[in-house]
1. With both partners inside the protein assembly as shown, how many of the DSSP beta bridges are antiparallel, as a percent to the nearest 5?
2. Inside 10 Å of the C-beta atoms of B:46-53, what's the mean count of C-beta atoms belonging to other chains?
3. Count, for each residue of C:291-302, the Cβ atoms from other chains sitting within 10 Å of its Cβ, then give me the mean as a whole number.
4. Take the Cα gyration tensor of chain A, multiply each eigenvalue by 5, square-root it, and list the three semi-axes largest first, rounded to whole angstrom.
5. Can you bin segment B:1-114 into rounded, prolate or oblate? Criterion: square roots of the alpha carbon gyration tensor eigenvalues sorted a ≥ b ≥ c, rounded for a/c under 1.5, prolate for a/b above b/c, oblate for the rest.
6. Between the helical axis of C:323-336 and the dominant principal axis of chain C, each derived from Cα atoms, what acute angle in degrees is found, rounded to the nearest 10?
7. Between residue B:189 and residue C:332, what FRET efficiency comes out of the Förster formula 1/(1 + (r/R0)^6) with R0 = 56 Å and r the beta carbon distance, rounded to 0.05?
8. Once the Cβ-Cβ distance between residue C:410 and residue C:282 is put in as r, and R0 is 51 Å, what FRET efficiency do you end up with, to the nearest 0.05?
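What follows draws every value from the coordinates through simple rules; no lab data is involved. Computed from a prediction, not measured in an experiment: that's the story for all the values here. Ideal geometry is used to build each Cβ from the backbone, glycine not excepted, and the neighbour counts take in all protein chains shown.
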């Protein structure tokens, strides 16, 4: 009896499965786990002669630049809040689009609109940044030109920190709506169509079907995507923040996230140790958040947990 | 058949919402199209306009200056995307299948093993050393394929999609004497076409848009993928425009602004054509019922 | 509990493999060390034995390929030109060079990586703004000694400016061959003559005249931005005219620390923390006024286009740039917009003109290089022989450029395929071999010779800051330079007095005083060592 729980027994029983999962295990071992040793750099003063292992230890010295700046709390808070806002709004929009698309009849309309919604994904942040500048430039921007022609006062977005919160959230939603909705669409298509047929026979209207069948079936996908995004909650899309907002000192308190702050500080220094330190800080916080969230999900419904 | 009232309301609302969103997505792209055929000076002075003030095809002329190079870059990208996507998709699905097997005792441990890598990373340096010194991938096509081959997020999403396949199917197949690999190949893959198409699309897009790995690992110009090829052109133009020419040579104005836009057009065009192909697999109702019969 | 066990397992595995990797890693650094010692020692005994066998020739019987990294992008005809170069090199030193470029968009990432990976390339472009200091302190470069120069690069040994050699020292050791070229760090106004005539401004002699010009444009030419500054490249140019030049101040490298010294006061190297001076406060007030009057865009903080580019394209009415850039720009603007009647005026008022550090361009040798001798011999050729310098700077004669009888360079049609002086040949530029290009600003020579008469150097320019003790502070202060400091300099303030005070406070919090203390101590020690 005891043997039945052992690793060997399991190995023997699921030989093929172990073989099937091995490529991925090896892959992540080589590409992620071995390089992960680089985390020690966070506590070291990296030199080429010393390499990763022989460079001298410096304790927590590499973390100082981040915590002594007085900005650590602010940028951490910004990072988390932005990510939560992105998470909620982007997913809401993507689910809405996916549900509508799955229910609409016109095949051609669906296909074309779906393709077109994908376009923003291909527009690089550099170009998005240029567009934003063209929209909001005080003297020549499209918005102010329009306001002027209507006899209204021009607005100065570049000195207005709170405007950027909305701009960033809107831009993120716009960029990912097509991409994200594909995933949800695939999930909806995976729902057994017999359930819908049964509901039709019962005479349920479309809103009821969405509410009682589609949305509950999406729960698993939503939760898994939520958990996966939580793992990245301490990271920010650097390109997005940097290109859309730029180095605008007037609004940084509202827009600075950990990644932009770190890159700006270390760009000219090239200190691998300090970069590693900032990364480790993000990772550790993420780990706590994700472990907590996973635990919570497990309590509610074990089936949805990540691991 | 009479259209029911709730249908009507839903359809009208739905079409309006979709149209609005689509409009927001299309208009900027139109600006990109028109902007890419505008002169540099006009973009700097007048901004982006739906009807360009000064038409200039200079950006495209520069991109198409050496068509053989451009074709080569397309070729590299297509090759890397096709090989990478097919291989990556296969391993992703296979891994997901194992992680989804209820009788695989350590599946949660393995999930954690994979997931952990998304939270902790060793940073650029050790990874670069691994790729260059130990895997010897500098200046190889493998350097463009290998780093994007598998993605934990996709594996876990794929696993989640597999949950919708009823366990009964696996069990009956097992009773028929089918092994795991056969079940995966013959049953699971055909059953999960929409999710395979989705994940495949994502993997393909990653390959298509990747220039970072080329930047790090490829020095040979003939091996540049499309995005990096274009990126190089842009950075060259930017340099010419911004550099302080010390010797006093007259510096021609380079169309760096329209180039940013033309790049998007050149790189996006072909992949958008791929999308309808993927959509083919987004057909409702092919799932469980079809197999049961 | 399970989770804890899983984490433990993962950690244990990690440790196991870090041990394995450590095993692999040990060979490499050791090998690197060896190389370095061999390389830096071998010339010494060799030069000792020089006495006995004076005529001993350097052994070049083995053909070698030198791997060289340059910054920028490969020009279309680069391989053509370097094909020629390689023919010459093959004949002279039995070597060829193989060049890889690091693009402007990615060199900041790639540069440290080629060192970190233990690549055995031979030569790399380096500069005080391109990681010279940080790679040198990390052990990336091979130390270059005078003995090595004597033996492998004798002509460079003779021709090199002693100041340049001194500037290249990091902790007393030299890791690059700096360029041998004097460049002035001084700026000019470029304005439109047609607008000057329209508003009755005859000449721009100083900042007040310039203000009149900006004011006339701001009031009357609504479609033009008077001066389109704000990009990261040129947001601080007005600071130079208003505050730095009049007091003979110049930046201590690295610039983003925002520390200055007095060029005219040769006896001391006292750091000036400019934001605490009354002049800076006055400047901040003036800039606020100028910004409010609309001399530049209200969106200037996120401007990504330089004032020069904006001016060329007719978006703005003036630009500020250094003289040689102005020279090139002038030629192209006169051709495209003759009706503007572009004029260039000296903005320096005869004060505060420094000769730029020589180490802003140079070539370094990799610590892992297998052929440092041949690399030095290569540099000796391009740094000292006109035919080599001409080839790599201007391209192939008759194809890319031609020479006038007076020795001026005339670009030919194909010049675009190998831009003049645009192929990262700056690392080995030399005053004696550099040629002027025909054309340009009419008063170029006048301005240049005026400046040369009053140009200043200061021993502190040769000083390189070792920031290893205050890295954290440097990181936070760097951040302020690009954000809060820029805001004040561009006049985006409501109450300059209060906001300058706040800026000073922020610098204090960031640990600026610690940097100043450390930097000052190093400067004093350095100056003492010269006495």
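1. Rounded to the nearest five, the antiparallel share is 65 percent.
2. Mean partner-chain Cβ count within 10 Å for B:46-53: 3.
3. Partner Cβ neighbours, averaged per residue: 5.
4. With the √(5λ) rule applied to chain A, the semi-axes are 37, 37, 16 Å.
5. oblate
6. It is inclined by approximately 60 degrees.
7. 0.40
8. That gives a FRET efficiency of 0.60.
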